[in-house]
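Following: one structure in structure tokens, then a few remarks.
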Amino acid sequence: MAIESVLNGKVGIEEKTIGDGVKLFTVSNGKVSFSVMNYGCTVTRLLVPDRDGRATDIVLGFDDLAGYESCTDSRGAVVGRVANRISGASFTMDGKVYDLDKNDGGNTLHGGFTRFEKMLWEADTFFDENADGHPAGVVFRRTSRDGEQGFPGNLDITVVYSLNSRDELTFSYRAVPDRKTPVNMTNHTYFNLNGVLDSKRDVLNHVMTLDSDKILEIDGQLIPTGRILDVSERSEFDFRKGKEVGMDIGKCDERIGGGYDNCFVTKAFGGNAGKPVFFGTVSSPITGISMDMFTDQEGMQVYSGNFLDGGRGKGGFVDEKYGGICFESQRLVDSVNRKEFPSPFVEAGGVYSSTTVYRFGNC
């Protein structure tokens, strides 16, 4: 069944069935709307007005459920139990070695072969008229069982996607284990603020300003070495004063497809009382759409779609290299194996929480 946009320009939440057990929810504040399904907590559409008021879809995806079922790049989906790469596809906790899937050379990427994005989640909608900004959205829940993906302990997970009257889309995560275990979740939406149904398909013209002066150094397998580098040492990573994504992309290492796939350190590093801090702004000169980003996580993986393979996306358009850009908020990469990074381990009965906010406007 085709995945259609609904509620554009209307306030409310709509639910529809699009497959066996798969539901699509659309949430609108009358100006901005997003659609998400309980298959992988996947964002399928995000409509934002351009500078002329035209509703513009700014996330890559597919026209039907089958596209997401066959997709291998986590498009729009939740990622866990531990996002990004784990070196050697293993980690040691309290003297015991835990072996994981080797799905990225000799390493683990985004949970291995058993991905959260391919699972059905329980889902409920909500609208809180008494809360600041009157948020509305969808709450997803599931339990990741002991041994799933090779990780210890049962993990009760809650994922919330919400939209408020200030045009802020918030992704929140909460997880409670019954045994000590690592947790590091994110969302893998590919943004293209030019509009994904426009003939200008890449994001190289996007102007990006990042409030980050440090990145993680990586080795030949894209695994952090443990060193944190100042962006001034590598000009291609210095976005502090703002520049086009494509301005220095030619200097990027071919190991990562000649683009960005790097963890920038946020101002949350070192502790910030759990409150989201400003990370950066990205905007399109074509549509005038801008997106401010805030997170309470220490790291933000910026990935410029280097390995998009030219497959058909929405409207039959081809999603080629640099066709979208991801901002994956998370704990620092491979922190399960790096004692110098903040610990990703959560004790039994403890609470993992994470919040990231995307605020939309026009420039």
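Restricting ILE215, ILE228 to those that are modelled with pLDDT of 95 or more, open to solvent by 50 Å² or more (accessible area, probe 1.4 Å) and either within 29 Å of SER90 (Cα to Cα) or part of a strand (DSSP E or B) (or both) reduces the list to ILE228. Of the residues making up the range 165-191, those that are open to solvent by 20 Å² or more (accessible area, probe 1.4 Å), in a strand (DSSP E or B) and over 19 Å from ALA77 (Cβ atoms) number 2. Strands (runs of 3 or more DSSP E) fully within the range 92-164 that include at least 3 residues being more than 22 Å from the chain's Cα centre (by Cα) and closer than 21 Å to VAL346 by Cα: 96-99. So for the range 304-326 (the condition being β-branched (Val, Ile, Thr), under 17 Å from ILE215 (Cα atoms), buried (at least 23 other Cβ atoms within 10 Å of the Cβ) and within 14 Å of the chain's Cα centre (by Cα)), does at least one residue qualify? Scanning the range 304-326 turns up no residue that is β-branched (Val, Ile, Thr), under 17 Å from ILE215 (Cα atoms), buried (at least 23 other Cβ atoms within 10 Å of the Cβ) and within 14 Å of the chain's Cα centre (by Cα). On inspection, ILE325 passes the criterion of being out of contact with any Asp or Glu (no Cβ under 9 Å at 6 or more places or on another chain), modelled with pLDDT of 95 or more and not basic (Lys, Arg). Could you tell me whether the range 105-114 includes any residue that is among the small types (Gly, Ala, Ser), buried (at least 17 other Cβ atoms within 10 Å of the Cβ) and at positive phi? Within the range 105-114, one or more residues are among the small types (Gly, Ala, Ser), buried (at least 17 other Cβ atoms within 10 Å of the Cβ) and at positive phi. Residues that are assigned to a strand (DSSP E or B) and open to solvent by 10 Å² or more (accessible area, probe 1.4 Å) were ranked within the range 29-43; the one that is nearest to ARG166 (Cα to Cα) is ASN29.
Here the condition is being at pLDDT 95 or above and open to solvent by 60 Å² or more (accessible area, probe 1.4 Å); of PHE294, PHE278, it holds for PHE278 alone.
Exactly one residue among ASP63, ASP57 is in contact with a helix residue (DSSP H, G or I) (Cβ under 6 Å, 6 or more places away or on another chain) and under 30 Å from VAL203 (Cα atoms), and that residue is ASP63. Residues of the range 192-210 that are open to solvent by less than 10 Å² (accessible area, probe 1.4 Å) and modelled with pLDDT under 95: VAL196 alone. Restricting attention to the range 137-154, the residues being closer than 30 Å to SER28 by Cβ and either open to solvent by 10 Å² or more (accessible area, probe 1.4 Å) or among the basic types (Lys, Arg) (or both) number 3. Being under 26 Å from HIS206 (Cα atoms), at pLDDT below 95 and not hydroxyl-bearing (Ser, Thr, Tyr), is that true of even one residue in the range 73-80? Within the range 73-80, one or more residues are under 26 Å from HIS206 (Cα atoms), at pLDDT below 95 and not hydroxyl-bearing (Ser, Thr, Tyr). For GLU4, the criteria (1) more than 23 Å from the chain's Cα centre (by Cα); (2) modelled with pLDDT under 95 hold in every case but one, which is (1).
Tell me, which residue of the range 155-164 that is in contact with a Pro (Cβ under 7 Å, 6 or more places away or on another chain) and open to solvent by 10 Å² or more (accessible area, probe 1.4 Å) is nearest to ALA89 (Cα to Cα)? Selected residue: SER162. Scanning the range 61-91 for residues that are free of Cβ contacts under 8 Å to residues at least 60 places away in the same chain and open to solvent by 40 Å² or more (accessible area, probe 1.4 Å) returns ALA66, GLU69, SER70, THR72.
The values are calculated or read from the model by the stated rules, or taken from the named source; none is laboratory data. Worth saying up front: this structure is predicted, and the values here are computed from it rather than measured. Positions of Cβ are backbone-derived with ideal geometry, glycine not excepted, and every protein chain shown enters the neighbour counts. Ligands, DNA and RNA are stripped out before the accessible areas are found, and what is left, the full protein with its side chains, is counted by its heavy atoms. Shrake-Rupley method; radii C 1.70, N 1.55, O 1.52, S 1.80 Å.
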